[in-house]
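J.: The structure under discussion is supplied below as structure tokens; questions concerning it will follow.
The values are calculated or read from the model by the stated rules, or taken from the named source; none is laboratory data. Bear in mind that the values here come from a model prediction, so they are computed numbers and not experimental data. Cβ placement follows ideal geometry from the backbone for every residue including glycine, while neighbour counts extend to all protein chains displayed. Surface areas here come from the heavy atoms of the whole protein model, side chains and all, with no ligands, DNA or RNA. Shrake-Rupley method; radii C 1.70, N 1.55, O 1.52, S 1.80 Å.
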Amino acid sequence: MPVYVRKNLLSITPDSLGTQSSDEEDYIRDPEQMYDVLPQPFRLVNKIVNLIFDVAWEVISEREAARIAERSRVRPPQYDCAIALPDYGDALCITGSPDGRYAFFGLPQGIAMIDAATQAPVAMWNHGTADATISSMKVCSIGVQTYLIAAMDTEGNGRLLCCAYECIHPLKTFNEDVSGSLITEMLLSNDGDYVSVAVKNGADVWLDVWHLPRDNWMREVETAHSNAVKQQQQQQQQQQQQQAEKQQDSSIDMATSNEGITTDNTSKSTSSGSPRGSPTPHHGGVANPAPALNMSQMSKPTAVLRVRPTPSTVNGVSGSVSAIFRAIDEGNDVGLGTKQHLITEQHLEKRRQVFRQQHEEELRHLQDEDSISSPQPLCSFLNPSHMLVTGLESSNDRPNSIAVAWTGSTNICHYNLLKPSKDLEHKPDLVWPFASGITCLATSPCTSLLAIGHRDGTLTVYDQHTGVPLAVKKLSPTGEPSCVCFLNPSILPPAQPPKEPFTSPDAYLLAHCTDGSLSIVRCGYDGVGTVKVIEPATESIANGVISIQPLTGIPQVVIVVRGGGEVTLVDVRRGHALCLVALRAADCKLTAVVPPVLSPAANAQMLYIKGVKDVIDESDETSDTCMFVFPLRSFPALDPFMKNRTEPQPYTVHITAQKRFDSLLSNRLIRQNNRQQRMQRRWNNLAPQVIPCK
């Protein structure tokens with residue numbers, strides 16, 4: 001074949017020494033460059049396979065690290081010294097009396113009352129409603145071994161009962177006046193003066209607050225008890241007299257029928273045997289009589305307040321701007337923002353339509369409006385404070401106001417319960433607005449401190465006595481506070497010694513979030529607060545914390561329940577687990593229901609927990625449940641806490657301005673001599689340094 005060679009080829013200039021590659025660049029540094037680039041779609045397949053292997057390797061590494069950490073971690077001891085109480089296995093709730101003497105169980109039949117230390121049955125009350133089980137109870141003490149019980153059942157009935165002289169008496173059913181209404185929540189004040197009842201009737205929801213005549217009830221129950229004792233004694237005396245008369249009549253009949261028998265034989269025959277109907281002694285029959293209380297003769301509770309959810313903003317629309325400005329007051333009060341505005345329903349409907357058109361794709365994943373639950377009230381009874389002046393002249397340990405917030409709302413409304421008002425539904429006396437929705441409320445036992453949990457994971461702590469905020473802390477970026485409880489200041493050392501004897505100690509709170517995290521928050525009047533995470537957030541429900549409850553009697557220990565049914569006693573001072581509460585049976589779990597059914601009693605000597613046995617046969621829908629009691633005295637891990645019990649300290653110290661001035665003046669007079677000596681030393685040291693003027 002002929003080859004055509006081009007004439008006059010252009011000469012190519014060789015590379016200069018500066019542009020020539022070195023010997024090191026002749027080798028391939030990246031091993032992946034040894035292979036040619038794959039064409040599509042093989043390059044995409046290669047990336048997907050590598051991604052699968054990378055994700056699998058990350059999961060393997062995390063599991064291996066968790067396995068190594070679990071092996072290296074010191075496991076707390078497990079205690080399984082449980083005493084079974086099968087008679088109370090169907091209980092849906094349990095609570096102990098404030099003094100630790102009794103334990104109350106919510107059963108399908110009613111309420112059972114037992115001795116917390118010996119588990120001996122004391123009293124039983126039957127509600128008489130079919131297919132209804134007591135699902136929630138709250139108990140407060142109003143006297144010596146006298147308690148008020150607020151109980152709700154699964155049928156939506158709310159009852160108030162009184163327990164006195166080891167007997168349970170019904171006092172009032174709150175939803176009997178309104179047909180078709182259901183009770184969703186009940187709350188008793190610490191001293192039993194007030195009770196709040198959340199009522200739902202169809203789509204309408206409201207909160208009623210009742211004033212309870214507890215002093216009158218105590219006198220009436222005592223009178224009924226004394227009358228019952230007298231009546232029972234009279235009945236016994238009458239029975240004894242009737243039996244004595246029967247014995248006398250029978251002896252006369254025997255004497256007349258045996259005329260031929262001598263007197264000695266008659267006496268022997270009567271003394272040798274006793275008649276068939278002779279009485280048997282009954283011991284202890286008068287000890288605990290059950291007085292029959294007539295509700296028509298008892299004092300009646302009085303309704304003092306009715307609170308409804310925050311109304312819509314379109315309810316208070318005005319006609320013109322001039323009407324709004326005429327209605328504006330001085331602006332000293334903070335309202336709910338639902339009155340005197342120009343926002344109309346047509347404007348809001350247009351904004352909703354625009355929003356639905358712009359976010360149509362995202363709105364598909366939201367739940368329907370019909371399935372959205374109705375708002376529930378969150379309330380707390382508060383003692384007198386400087387925020388609401390009405391009631392300051394009364395006792396400081398008796399509540400005079402209530403703080404109410406509704407789920408999803410951003411406002412907390414304070415209502416004075418002692419303020420006279422003709423209408424039950426009146427405006428709030430004080431409104432606290434917040435930037436995020438409210439999820440939980442908690443108060444200290446003295447009600448001076450108020451903790452508010454928000455939907456964005458923030459916790460706000462207020463000193464409601466003076467209205468000063470103590471802390472605003474972010475607890476979790478993914479969860480929201482669901483339960484907050486105050487810890488006594490005596491169990492944790494203060495961050496710094498108090499400067500004055502009347503300085504309030506730091507406040508400590510234990511907060512649980514919905515993501516399973518558990519944190520301790522410290523806040524004080526110095527403005528510096530800290531958050532210590534005890535349990536981090538977990539994605540697994542089985543490993544996350546679902547419930548916390550302080551161990552009454554030992555404030556240093558908290559009962560922590562996890563999703564898998566694991567019950568742990570945690571030391572809040574150091575943040576580690578002390579022991580695990582377990583059962584011998586491998587197929588039985590503790591607190592396998594949500595919320596868990598457990599309660600301490602007998603001043604931290606007993607712990608009652610409900611256990612559920614796993615169903616092996618799927619066809620059998622019933623599960624074997626049983627109530628267990630654990631004697632905490634037998635837990636060696638709790639011995640140091642029981643032997644060295646701490647004296648509780650006040651959560652806050654509030655004194656008058658005059659006492660504060662007197663304390664400051666006395667401290668200054670005490671330091672007067674030291675101040676004069678210090679000034680004299682300063683002048684003596686300054687004299688040699690002064691250059692004399694010539």
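J.: Within region 649-670, how many residues turn out to be free of Cβ contacts under 8 Å to residues at least 24 places away in the same chain, within 25 Å of V461 (Cβ to Cβ) and among the β-branched types (V, I, T)?
T.: Residues in region 649-670 being free of Cβ contacts under 8 Å to residues at least 24 places away in the same chain, within 25 Å of V461 (Cβ to Cβ) and among the β-branched types (V, I, T): 1 in total.
J.: What number goes with the only condition from (1) part of a loop (DSSP other than H, G, I, E, B); (2) at pLDDT 80 or above that A637 does not pass?
T.: (1)
J.: Would you be able to tell me the number of residues in region 346-362 that are at pLDDT 85 or above and open to solvent by less than 100 Å² (accessible area, probe 1.4 Å)?
T.: The number of residues fulfilling the criteria is 5.
J.: Additional query: Identify the residue in region 493-507 that is more than 21 Å from the chain's Cα centre (by Cα), crowded, with 16+ Cβ neighbours inside 10 Å and not hydroxyl-bearing (S, T, Y) and, among all such residues, is modelled with the lowest pLDDT.
T.: The residue in question is P505.
J.: Just the residues that are in contact with a helix residue (DSSP H, G or I) (Cβ under 7 Å, 6 or more places away or on another chain) and open to solvent by 50 Å² or more (accessible area, probe 1.4 Å), please, taken from region 50-96.
T.: P77
J.: Sort out which residues of region 440-483 are open to solvent by less than 30 Å² (accessible area, probe 1.4 Å) and closer than 13 Å to L378 by Cα, and write them in order of number.
T.: Scanning region 440-483 gives C440, A442, L450, A451, I452, G453, H454.
J.: While we're on this one: Can you tell me how many residues in region 537-560 are open to solvent by 60 Å² or more (accessible area, probe 1.4 Å) and out of contact with any Gly (no Cβ under 8 Å at 6 or more places or on another chain)?
T.: So the answer is 1.
J.: May I pose another question? Check region 110-121 and report whether any residue there is out of contact with any Leu (no Cβ under 7 Å at 6 or more places or on another chain), open to solvent by 50 Å² or more (accessible area, probe 1.4 Å), on the phi > 0 side of the Ramachandran plot and among the small types (G, A, S).
T.: Within region 110-121, not a single residue is out of contact with any Leu (no Cβ under 7 Å at 6 or more places or on another chain), open to solvent by 50 Å² or more (accessible area, probe 1.4 Å), on the phi > 0 side of the Ramachandran plot and among the small types (G, A, S).
J.: I've got another one for you. Count, please, the residues in region 637-693 that happen to be surrounded by 10 or more Cβ atoms within 10 Å (Cβ to Cβ) and under 30 Å from I559 (Cβ atoms).
T.: 14
J.: Here's a follow-up. Say we look at region 145-155 and pick out the residues that are in contact (Cβ under 8 Å) with a residue 40 or more places away in the chain and part of a loop (DSSP other than H, G, I, E, B); which of these is surrounded by the most Cβ atoms within 10 Å (Cβ to Cβ)?
T.: It comes out as T154.
J.: In region 185-226, how many are under 18 Å from P170 (Cβ atoms), without any contact (Cβ under 8 Å) to a residue 60 or more places away in the chain and within 27 Å of the chain's Cα centre (by Cα)?
T.: 4
J.: Could you run through region 529-565 and say how many residues are more than 19 Å from the chain's Cα centre (by Cα) and assigned to a loop (DSSP other than H, G, I, E, B)?
T.: 10
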